[in-house]
Structures are given as structure tokens and as C-alpha cells.
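The values are calculated or read from the model by the stated rules, or taken from the named source; none is laboratory data. These numbers were taken from a predicted model, which means no experiment stands behind them. In this analysis, Cβ positions are derived from the backbone assuming ideal geometry, glycine residues included, and neighbour counts consider all displayed protein chains. Surface accessibility is based on the protein's heavy atoms, side chains included, excluding ligands, DNA and RNA. Shrake-Rupley method; radii C 1.70, N 1.55, O 1.52, S 1.80 Å.
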Amino acid sequence: MLLVACGSSGQRSNSLIRFVEEPPGAHCANGGTQVKSGLDTSGNESLEDGEVTSTAYVCNGSSGGETSRALVRMDAEPVGTNCAQGGTRVSSGLDGNGNGTLEAGEVTSTSFVCNGAPGNSSDTKALVRTTSEPVGSNCAQGGTAVQSGLDSNQNGQLDPGEVSSTAYICNGASGSPGVQALVRLEAEPAGANCAQGGTVVFSGLDSDRNGTLDASEVNQTRYVCSAQSAFATGWAASAPTDPSGEVPAGFWFNSGRKVSIFKTSASSRLKITISDTLAAGMGVNGGSAYYRLRMNSGYVSPDCFQRQYVWNSSGWTNTYSFPFATVCLTEALPAGLYEFDTWAFSSGGIVAVGVNAFRNLVLVEELLPTAKYGFSTEGGITTVSGTTFRKAPGRTVTFTKQASSSLLKVTLADTFRISSNMSAGTVLIKMDGFETSCSTGQYDGQGTNGDFHHPIVMTCVFPSVSAGAHTFDVWIRSSSTSAEAYLGWERSYPLLLVEEIENQKLAYTNGSSPSGELSGNWAGVGSRQVQYTVSAAQKTVRVTYSDTFRGTVGCNGSWGFYQLYVDGQPTGCITGQSSYNSGSSAQEHHHPINQTCLVRDLAPGPHTFAIWSTTVNPSNGTACGSNYFGWNRGQNLLLVEEMP
């Protein structure tokens, strides 16, 4: 006998069944089988006792025996009139020829166990209920009715209105005791038999009468495959969201960015990339704000947050809005559905998220165990006052590159500060003890001494690295002995991530040319342009732009913008910088930027991707000062990658 429960295709945790022998007693006068069902919340493909949500009993008939045994056969049912979302065809009948296999001519009953519709709640469970079936039209000798369906009202019971399928397991005609037909279920991993994984069903006759279906007794094998998830797998991205508005200090608030993804492997990690803007400490001096990612209404594991802080020695109030980026990496969480959203908190002054970030983005990617990457989340605060590079603690990755033809993509996510007015600091990646072109500077000038702790992300591409083991680490220096450069303040953990990527379905430029002064209407930013050929229709292209940016130098309270253009047309993926203080001093802030844009549904063929800039304020049409890109930057990277 075989019972199967199928979960909704919007539910990643698979429904599992476990059979346990039931001795004669209160539940079954002549003994029978316990049928335990529930969701595999641990993702270990085994129904544990704590996961059981329903127990039913299939009882033996009165002693006597068999001239024919009742058998059940399961086959995949494609999407169609019987099951709108596909499912399983359940065929049953008597084993007339006694060969232990239910053949087509022996089928007397057919029913369907259908997958749920996409988008069902992840809390909706599939349940099975069995009841005794009297002698009648459904079973000439009596038997068992097997009812299944989804627990829509979530009361833990399969109510009559929730039954979506009924099958009958009928007793055979009486006779002398004989050999029992048995079924054994085992988890089937994702692969050739089941693309999304599922259950392998073994059946046969218990020839040695030991109550166990041994390998030598199996004469039929079937696969019950999980339906493909209605939620994104591999990667998922948030939809663009409106700015948060101005929020006063003192409480956490949801800033509106949200994304859900099914994690398919218990051994994989999730990489989260965020592109946004953050205005912290508005209207005060010494104000700050946190930007935090949350997961399933709790904290990400490990936590993912950063803090931004602005202060000046003259006591002027500030209103600064800077491009914001961060990258975080989770631990190896269990497979299942994960929802991420973003929150913010001000510890002083007003905070605003997403001002003039018109394509703010939270991108989540699953890094499978087969992915080639190495990372470090170790390292605390490091400070240096002087022009000699000093190694930052932790922040070291030793990675073995597999192929000489591949690329290495290196990402550093941290916080960075330079403590003095009109001073600078530099962060550098070394490989195997040698300086690389992967470096970025930061400079803050506001007419008085200041303190800017700024979240940073730097992405670099290394095209010509030999196969074999290589060590990467992070170094920092100041531009003078009077200014302190500071790395690692108020970030949950620094991330140094090294990824090996195939040198195909991508294009990049990673020169080191500053843009010079740019002002006026939208115009291209020098060499920050690359051509990429889209391989097929309905593809999504990810564009990573990593550089330094200074907006509207010499102005106070004006906006400078940059935007991704494709084929000379704006994409709407815009980010801006605005700097103001009440001292009316001229502003000059060169900060690292790392913008990620997704471009969907480009026509197959070649396309030109480029960064454009403007100093024109869209609210009043006026312009002030000039923008500047690439100051003290080793690589101004524009990387185009086709998403799977």
C-alpha cells in the first residue's frame, strides 16, 4: 500500500511520508500500518518525529488470505485537465497474476494527487486522511479510502471541504495466507530522475516474510518528484521601491526593500548585494544611522548591518545623502524559503533611505557548494596615521584558482573613515604580497575638521591570474601623519570575497583614468563604457559599476547624479550625492561607490553600456559645480554579466 502527499508548489519544504508497522490494538484490531506525514523543515530529506503533523492508520482486514493482493502504482501526471499544476496519477487494483506488479490491465481505480497552485502560503501543509471503506461500489470486498488535500485553514486537520483527491485501496478476495506486498520510500536527490528532488518508491513481495522489503525483493521502482518552486531559485531581486521619507531618531523602521528566494541546498550560502542611498544624521551634528538587512522577520545569520556617521568640529548641522552599498554573505543555512527586507535606525538626527536612488536594489544569489569562491569575515578595527600601508587584521583569503583562463572577481565590503578636513585615505588589496590595481581612496572636505565613517564596497576584476593557490589581503594608509585613516567601524563583519568566474557571458572595462571635471546636462563619463552581446531573448543582465564619485564640488546642498545608459538611452538606474552644512562651506567628498543595476529583456545582440553624469537638479533645472569620477582609484570597473 502507498500513500503520497504533495505540497504546494509555492512551498519549498517537501512533504514526506513515513510508514511504521502498527501492532494489533486499539487503532487496528488486526494490526496494520501507521502513515506519518509532515514537512521536511530541517531539509535532511527524512521525516523526523518532530516534523510529523498527521498520523493515519491503514488496518488489515480479518485474517484469511489472498488469491489476489491490492497494489498501488504511482506515475507522474503532467500539467493538464486532471491537474492544473501537474501532480501524481495514483492507480490501484488487484495483482491478478501474482507477479507483484500492478499492470495496466489490472488497474480498477485511478485518482490524482495534484500540486497546489503557485504562490500558496509557505505555512500550508499537505495532509492525508484514511477511513474504512465498506463493501460497496468502490470496493467489492471493502478496503480503505485515502483522502488528501491542503490544510487551507491551517487547523492541522483535513476538513471535508479541503479534500482534493480520494483513492481507494481495496481488499482482495478471501483465501489462504500468502506473501505480502510491501513498499519502501527513500529520498531522491535532485538529479536526472527528479530535477527538484523527490521520493523514490520501491515495491515488491515480501518473499522471506520478514516484514521488510529487501533489495532483492524489489521488482518495481517509481519516482515521485517535487514540483518546481513558484519562488525564484538561483537568484532573486527586489523591485524598485519609493524612498522611505524622512524618519526621526529613536526607532527601527522598515525601509521597504523586500525579496524572497528558495535556497535549494543546505550546503550553499546566500550572497546579498545592496545598492541604495543613505542620509544619516540630517539636521544635527554628530548624527548617525544604521542600515540593516533582516531575514524571515529576524536577523541574518551572521548579522548584516552598517553604520554611517557625520560630524564636524565647528558644530554645524549637516544634511548629507551619499550612495550606499553593502555586500553580505550568510552561513550555510538549511534549504528552504527565505525572505529578506531592509530596515534603518537613527541614533541622532533624521534618517532617509533611497533619496534619488531610483533603482534601489537588493540582489540575493545562492552560491552552491560547486561554486568556486573563498571568503573571510574576520577582522576588527584598524587605524593608521601615516603614509605607509599597514595590513588590516583578518581580511585574508587564500583561494585556489582552478583554471588559468578564468577571471577572479574580488569584493571588499567594510566601513572607511578619514578624520581630518581635506585629507585622504587609501585601501588596497594585495595578492601574494604584491600591490594590485584594486585600490580606492576617500577624501572629505567641508571647511572644517570632520569625521565621516562611510560604508564602502569595492569590486575589482583580475584577468590574468595563473591557476593555483593565491593569497589576498587588505591594506590601509593615510595621506598624512596628521590624519587618521580608520577601517571597520560599526559594521557587523568585514567581507573579503574572491570568486572565480568563467570568462564568457560577460564583458568589462577596468581602466584607471579619472574623468576630469564634468558639469551640465547628462553626458557620458569618459572611458566608462563597454559593449556586450546578449545571448538570447528574455535574459537579465547585471551591471556592476565600482569607482569613486564626487558630486557638485564647491557647492553646498546641490545634487550630482550618475546613471547607467544602454545604447545611449537612460535606464533609470540613477544614484545621487548631496552635501550640505549650516556653515555654508564649499563641499568636496570623494567617496567609493559600488552600484549594481539589473537590465531585463534586451534584444539578443550587441549593446553598449555606459555611465553618464549630470549636475542639473531635476527639481528646479539649475546646475552647480562639477562632478568627478575615479579620483585615487586603481580600477574604475564597469562589469556586465548575463544572469543564469
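For the reader, a short list of remarks on this structure follows.
- Table column - 3J(HN,Hα) (Hz), segment 420-432, Karplus curve with 6.51, -1.76, 1.60, x for Gly and Pro: 10, 5, 6, 10, 9, x, 9, 10, 9, 9, 9, 10, 6
- Using a cut-off of 30 Å between Cα atoms, the listed pairs K271/K391; K401/K505; K372/K430; K258/K430; K430/K505 include K258/K430 as exceeding that distance.
- Computed over the alpha carbons of segment 180-339, Rg followed by Dmax gives 26.0, 91 Å.
- In the full protein context, segment 488-636 carries 36 Å² of accessible surface per residue, based on a 1.4 Å probe and ignoring ligands, DNA and RNA.
- Cα gyration tensor shape of segment 301-436, rounded if a/c is under 1.5, else prolate or oblate by comparing a/b with b/c: oblate
- Prolate/oblate/rounded label for segment 472-602 (Cα gyration tensor, a/c 1.5): oblate
- Ranking S301, S255, G283 by how far each Cα lies toward the positive end of the dipole of segment 239-301 (charges on Cβ) leaves S301 at the top.
- Positive dipole terminus of segment 505-644, leading residue within N632, S513, Q531 (C-beta point charges): Q531
- Shown here for segment 295-390: GluC sites (Glu not before Pro) in loop regions (DSSP other than H, G, I, E, B) with at most 11 other Cβ atoms within 10 Å, namely E331.
- In segment 320-368, chymotrypsin sites (Phe, Trp or Tyr not before Pro) in a DSSP loop with at most 13 other beta-carbon atoms within 10 Å: none
- Whole-Hz Karplus values for segment 400-416 come out as 9, 6, 7, 10, 6, 7, 7, 9, 10, 10, 10, 10, 10, 10, 6, 10, 9 Hz, taken residue by residue from phi with 6.51 cos²θ - 1.76 cosθ + 1.60 and θ = phi - 60°; glycine and proline positions read x.
- Gyration tensor (alpha-carbon) shape descriptor, segment 366-496, a/c threshold 1.5: prolate
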